[in-house]
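Take a look at the structure set out below.
The values are calculated or read from the model by the stated rules, or taken from the named source; none is laboratory data. The shown structure was predicted, so the numbers you read here are calculated from the model rather than taken from an experiment. Every residue, glycine among them, receives a Cβ derived from its backbone with ideal geometry; neighbour counts consider all protein chains shown.
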């Protein structure tokens, strides 16, 4: 949910305006500036004015002010930022369990993506996209060879934006062109599979509204006599605190789940969330999968279950985002529709034992298991060169390849578009989780 600015925020806005107007009265305000936290605003105003008047190309003042705000937010920490209209919409959509797109579930293939499912009530269903269709391009951008993240970005956009799909359909001699419009589409975040022998596999994509109820209901309806649960939080960027607490509460009947620490006197300082009776059986074995992209709300759940001994963590060190953010909308009175917002870090999460939920280095799993990384292009090239028969040519090419800069280690790419049983054989983290349960 989005928060409106409090009186303090409004005072800041007023002081900014006053500070800029006071630049011409420097002599009279010299004494006041000694203790005034906004004494440097006249310098900011002069810089903005100088850039606007003398920069080689004309720039609108609103663009300069927005750039200044972005710079302030970026200087604070990795989570504080100035949100554009599209970023604010994405944040709101994530919290509400929706996405702005065309409403299809997809899997990659060599030429683009295959439509696995068309969501009910979606623009794709309305405009004739069918399961089995292969989408080759969106708005002329070919999808073949793109990463899953880049493909997802191509489908998303602002509500009301048009999208032109190039679709290959069985039985058609040539690709079809389907015009549709991006809109808000309800998106399920909980996926449960029966792995046999009473073991349920549950993946939470992110912590949006209703996730805890969905998790409980889907696990018990999919595996009625569940005797073990793998809770997969890998690549889960977080979401709503309330849902992280509610999911954890399914496994704990009492005690502290998470607390927040903020500035003394803040409403967030010493705020605590406690478990209540109910949920899954207290003796249900639980293993939680985490990796370097498990962040925020994911780390709250993982930390609470690990800290209380309720569940074991398998995988790799988590992202390291144990901070609380608040979103301030309507800071600009000239934009009543809140087309931009400030996301600001206002506190830290702590575990039941009082330790940070996640330090900057992330949370260490109980059982470290690495996931295969993509082979860097340089190493692939060197492997290919081993097969060249001409020794002289091979030596020359190897020397050139060796001179190429080393690539940074890539993060694991889990093929989420494939069913669990198909990727189990190549997923050592999931295999180890099952070993722990069985």
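Pick out the one residue from 281, 235 that is crowded, with 19+ Cβ neighbours inside 10 Å, out of contact with any strand residue (DSSP E or B) (no Cβ under 8 Å at 6 or more places or on another chain) and part of a loop (DSSP other than H, G, I, E, B).
Details: 281 fails: crowded, with 19+ Cβ neighbours inside 10 Å.
After applying the criteria, what remains is 235.
Test residue 387 against the criterion of being exposed (fewer than 12 other Cβ atoms within 10 Å of the Cβ) and at pLDDT 80 or above, and give yes or no.
Values: exposed (fewer than 12 other Cβ atoms within 10 Å of the Cβ): yes; at pLDDT 80 or above: no.
No, not satisfied.
Do you know which of the residues in the stretch 238-249 that are more than 26 Å from residue 369 (Cα to Cα) and touching a residue at least 12 places away in the same chain (Cβ under 8 Å) is surrounded by the most Cβ atoms within 10 Å (Cβ to Cβ)?
In the first step, residues of the stretch 238-249 are kept if they are more than 26 Å from residue 369 (Cα to Cα); the result is 240-243, 245-246, 249.
Subset that is touching a residue at least 12 places away in the same chain (Cβ under 8 Å): 240-241, 243, 245-246, 249.
Values: 240: 22, 241: 19, 243: 27, 245: 20, 246: 22, 249: 19.
This residue is 243.
From the list 313, 342, pick out the single residue that is farther than 30 Å from residue 275 by Cβ and either in contact with a helix residue (DSSP H, G or I) (Cβ under 6 Å, 6 or more places away or on another chain) or buried (at least 17 other Cβ atoms within 10 Å of the Cβ) (or both). Before the answer, list the steps.
Values: 313 fails: farther than 30 Å from residue 275 by Cβ.
Checking each option against the conditions leaves just 342.
Which one of the conditions (1) farther than 27 Å from residue 188 by Cα; (2) in contact (Cβ under 8 Å) with a residue 24 or more places away in the chain; (3) out of contact with any strand residue (DSSP E or B) (no Cβ under 8 Å at 6 or more places or on another chain); (4) surrounded by fewer than 18 Cβ atoms within 10 Å (Cβ to Cβ) does residue 110 fail to meet, given that it meets all the rest?
(1)
Being within 16 Å of the chain's Cα centre (by Cα) and either outside the structural domain of residue 233 (by TED's automatic domain parsing) or not in a helix (DSSP H, G or I) (or both), is that true of even one residue in the stretch 304-314?
no
Filter the stretch 243-268 down to the residues that are over 22 Å from residue 320 (Cβ atoms) and either part of a loop (DSSP other than H, G, I, E, B) or under 22 Å from the mean Cα position of the chain (by Cα) (or both) and list them by number. Break it down stepwise before answering.
Let us first name the residues in the stretch 243-268 that are over 22 Å from residue 320 (Cβ atoms), namely 246, 249-255, 264-267.
Result: 246, 250, 251, 252, 253, 254, 255, 264, 265, 266, 267.
Is there a residue being closer than 26 Å to residue 357 by Cα, touching a helix residue (DSSP H, G or I) at 6+ places or on another chain (Cβ under 8 Å) and in a loop (DSSP other than H, G, I, E, B) anywhere in the stretch 169-188?
Step one: list which residues in the stretch 169-188 are closer than 26 Å to residue 357 by Cα, which gives none.
Checking the stretch 169-188: not a single residue is closer than 26 Å to residue 357 by Cα, touching a helix residue (DSSP H, G or I) at 6+ places or on another chain (Cβ under 8 Å) and in a loop (DSSP other than H, G, I, E, B).
Would you point out which residue out of 222, 193, 213 is in contact with a strand residue (DSSP E or B) (Cβ under 8 Å, 6 or more places away or on another chain), farther than 23 Å from residue 414 by Cα and modelled with pLDDT of 95 or more? Give the derivation first.
Working: 193 fails: farther than 23 Å from residue 414 by Cα; 213 fails: in contact with a strand residue (DSSP E or B) (Cβ under 8 Å, 6 or more places away or on another chain).
Just one listed residue meets the conditions, 222.
Please go through the stretch 375-399 and give me each residue that is assigned to a helix (DSSP H, G or I) and under 29 Å from residue 413 (Cα atoms), ordered by number.
First pass over the stretch 375-399, keeping only residues assigned to a helix (DSSP H, G or I): 377-385, 391-399.
Matches in the stretch 375-399: 377, 378, 379, 380, 381, 382, 383, 384, 385, 398.
Checking the conditions here, which among 121, 160, 144, 132 is farther than 21 Å from residue 416 by Cα, out of contact with any helix residue (DSSP H, G or I) (no Cβ under 7 Å at 6 or more places or on another chain), free of Cβ contacts under 8 Å to residues at least 40 places away in the same chain and assigned to a loop (DSSP other than H, G, I, E, B)? Outline the logic, then answer.
Working: 121 fails: free of Cβ contacts under 8 Å to residues at least 40 places away in the same chain; 144 fails: farther than 21 Å from residue 416 by Cα; 132 fails: farther than 21 Å from residue 416 by Cα.
Result of the check over 121, 160, 144, 132: 160.
Quick grid of which residues meet (1) outside the structural domain of residue 169 (by TED's automatic domain parsing); (2) in a helix (DSSP H, G or I):
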{"residue": "53", "(1), (2)": "yes, yes"}
{"residue": "66", "(1), (2)": "yes, yes"}
{"residue": "73", "(1), (2)": "yes, yes"}
{"residue": "78", "(1), (2)": "yes, no"}
{"residue": "89", "(1), (2)": "yes, yes"}
{"residue": "128", "(1), (2)": "no, no"}
